[in-house]
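Below you'll find the structure, written out as structure tokens, and then a few comments.
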Amino acid sequence: MIKTVTTTPFADQKPGTSGLRKKVPVFQQPNYAENFIQSIFDSLEGYQGKCLVIGGDGRYYNRDVIQKAIKMAAANGFGKVMVGKGGILSTPAASHIIRKYKAFGGIILSASHNPGGPTEDFGIKYNISNGGPAPEKITDAIYERSKVIDSYKIADFPDINLDRIAREDVGGMIVSVIDPVEDYAALMEELFDFGAIRNLISLGFRLNFDAMSAVTGPYAKEIFEIRLGAPDGSVHNFLPLPDFGGHHPDPNLVHCKELYDEMMGDDAPDFGAASDGDGDRNLIIGKGIYVTPSDSLAILAANANLAPGYSSGIAGIARSMPTSGAADRVAEKRGVGMYETPTGWKFFGNLLDAGMATICGEESSGTGSSHVREKDGLWAVLLWLNILAVRGESVIDIVTQHWATYGRNYYSRHDYEGVDTDAANGLIDALRDKLPTLPGTKFGDLTVSAADDFAYHDPVDKSVSQHQGIRILFEGGSRVVFRLSGTGTTGATLRVYIERYEPDSTRHNIETQEALADLIVAAQAIADIKGRTGRDAPTVIT
């Protein structure tokens, strides 16, 4: 039986760069999740009888919303739902499932790298048929619908047993509970030389992967320990937990400090890595060296041809605007296309679909390729392992050789989290107002050469995305970028990106914050961060 439930709109359902994210108690309000899901369906056309993929990262409230989504999909006319066993599907695995089985789209329940638990974060986002996040024209339509919605439809049938792989007909719709790992692991075996990696591990190569009690645990356990033969215990925190075991599942040097300390120790493993809440981000640390996400993107692009899935080369590289220019130098040297997009993986989708780019990356620990339409943490780890196996060199040797060939981009991101929203918006507005006056201005020994508010002109669909970040460029190639993040749920996060290019290999061993010291001072002065936010220092430095 299908029920039509009368409802009233919520004013706060505008999707951010990765869907709608709020605290769990917000989503637990009567009709809140249902309103947003119905707004998604109301914004789509042609899905009757088609397949919808549903999955999530296992965080608190995941199972509850999955049951709602299944029943609403049935009531709205979908013919089939595919859902991961236990409600689990990593974001890249969900993208692959959508693509492999030619689904109409997918609902992914995740707040990515944000904390989970009864009072922490939850999220819902919609992915389209190419497996990627919905473009702005769809998310805008969802928001507009959410502001006027007056009812939603939901089928009345018992909850689905998510803990057994099965296929059943409920409410006139097929519900297929699938193994969340199998299809994804098989894809990884097609892309990478598992034989070479197995051989490397058999020779004593030591791997330490921290799944952070999040979604990639089952995937990493199956791939690294079972299929690649890493010793039992190589994968840590592999059981997904609703609160991520109290971890903040963000693979950076703050939240993965134990892994970092181990990798800097005398008896460090050869390779350390981590992934985040929903499996799309990654952290790469070699024995004695942390690899920044920007450097990782460049190195993966430069060496991708060593993996079977990319042996014929890459068509191009895409990076988000705040990501360092290290990959640009690889693209130039290799003679392939280079594309600078706004932050948000959805902006890479058109380039990938058009065959213009093969490898994409963001400075926020996300890298991926044309195999799916999301960033993919385990993919990045496996490509690194494939490169290490073929080259027979250490991580530190590969990184330092890369710098010697292409130069080093000293790079850091300073995050000011939980800033008062009005203060953060005021800071950005003030920066926009002063952009015309900045060129020629000196800050210490630095001279501003150009300043703008980045706008992206999509070369495929010709759409334009305005106000994607304030760029301050200095003579000599250094730059500072300011933008507000769209991934948080409380207050605002001001992100400040600082970058200096150093071609001289004799100057590649300076500590990063020291190398960027004058730019950090300039960023503070240009934006008056302390005066406008009251913050003396960043919350997180990566």
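The values are calculated or read from the model by the stated rules, or taken from the named source; none is laboratory data. All of these numbers come straight from a predicted model, not from anything done at the bench. Cβ: placed from backbone, ideal geometry, glycine included. Neighbour counts: every protein chain shown. For the accessible areas, the whole protein counts, side chains as well, though only heavy atoms, and no ligand, DNA or RNA atoms are used. Shrake-Rupley method; radii C 1.70, N 1.55, O 1.52, S 1.80 Å.
Figures for the structure shown
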quantity: Tally, over segment 530-540, of residues that are touching a residue at least 12 places away in the same chain (Cβ under 8 Å) and out of contact with any strand residue (DSSP E or B) (no Cβ under 7 Å at 6 or more places or on another chain); calculated: 2
quantity: Residue tally, condition under 25 Å from the mean Cα position of the chain (by Cα), among the β-branched types (V, I, T) and modelled with pLDDT of 95 or more, over segment 490-511; calculated: 2
quantity: Strands (runs of 3 or more DSSP E) wholly inside segment 269-330 containing at least 3 residues that are without any contact (Cβ under 8 Å) to a residue 60 or more places away in the chain; calculated: 316-320
quantity: Some residue of segment 333-348 being closer than 23 Å to F192 by Cβ, within 16 Å of the chain's Cα centre (by Cα) and part of a helix (DSSP H, G or I); calculated: yes
quantity: Filter result for I396 (closer than 30 Å to I197 by Cβ, within 27 Å of the chain's Cα centre (by Cα) and surrounded by fewer than 15 Cβ atoms within 10 Å (Cβ to Cβ)); calculated: yes
quantity: Selected residue (only one of D163, D159 is out of contact with any helix residue (DSSP H, G or I) (no Cβ under 8 Å at 6 or more places or on another chain), open to solvent by 30 Å² or more (accessible area, probe 1.4 Å) and modelled with pLDDT of 95 or more); calculated: D163
quantity: Identity of the residue in segment 502-517, surrounded by fewer than 16 Cβ atoms within 10 Å (Cβ to Cβ) and of a type in the set (D, E), that ends up farthest from S449 (Cα to Cα); calculated: E511
quantity: Selection from segment 1-15 of residues that are assigned to a loop (DSSP other than H, G, I, E, B), of a type outside the set (G, A, S), open to solvent by 30 Å² or more (accessible area, probe 1.4 Å) and touching a Lys or Arg at 6+ places or on another chain (Cβ under 8 Å); calculated: P9, D12
quantity: Test: residue in segment 240-248 that is modelled with pLDDT of 95 or more, buried (at least 22 other Cβ atoms within 10 Å of the Cβ) and not aliphatic (A, V, I, L, M); calculated: yes
quantity: Leading residue by the ranking (nearest to T139 (Cα to Cα)) among those in segment 338-370 that are open to solvent by 20 Å² or more (accessible area, probe 1.4 Å) and modelled with pLDDT of 95 or more; calculated: D353
quantity: Flag if L283 is farther than 16 Å from N386 by Cβ and among the hydrophobic types (A, V, I, L, M, F, W, C); calculated: yes
quantity: Matching entry among E168, E225 (being open to solvent by 20 Å² or more (accessible area, probe 1.4 Å), over 25 Å from the mean Cα position of the chain (by Cα) and free of Cβ contacts under 8 Å to residues at least 12 places away in the same chain); calculated: E168
quantity: When residues of segment 16-50 are limited to those that are touching a Phe, Trp or Tyr at 6+ places or on another chain (Cβ under 6 Å) and not in a helix (DSSP H, G or I), the one most open to solvent (accessible area, probe 1.4 Å); calculated: K50
quantity: Considering residues of segment 433-474 that are within 32 Å of the chain's Cα centre (by Cα), in a strand (DSSP E or B) and among the aromatic types (F, W, Y) only, the residue farthest from S320 (Cα to Cα); calculated: F474
quantity: Qualifying residue in segment 37-45 (condition: modelled with pLDDT of 95 or more and among the small types (G, A, S)); calculated: yes
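Rundown of residues vs (1) without any contact (Cβ under 8 Å) to a residue 60 or more places away in the chain; (2) crowded, with 20+ Cβ neighbours inside 10 Å; (3) touching a strand residue (DSSP E or B) at 6+ places or on another chain (Cβ under 8 Å); (4) not charged (D, E, K, R), yes/no style:
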residue	(1), (2), (3), (4)
I108	no, yes, yes, yes
S112	no, yes, yes, yes
K125	no, yes, yes, no
G195	yes, no, no, yes
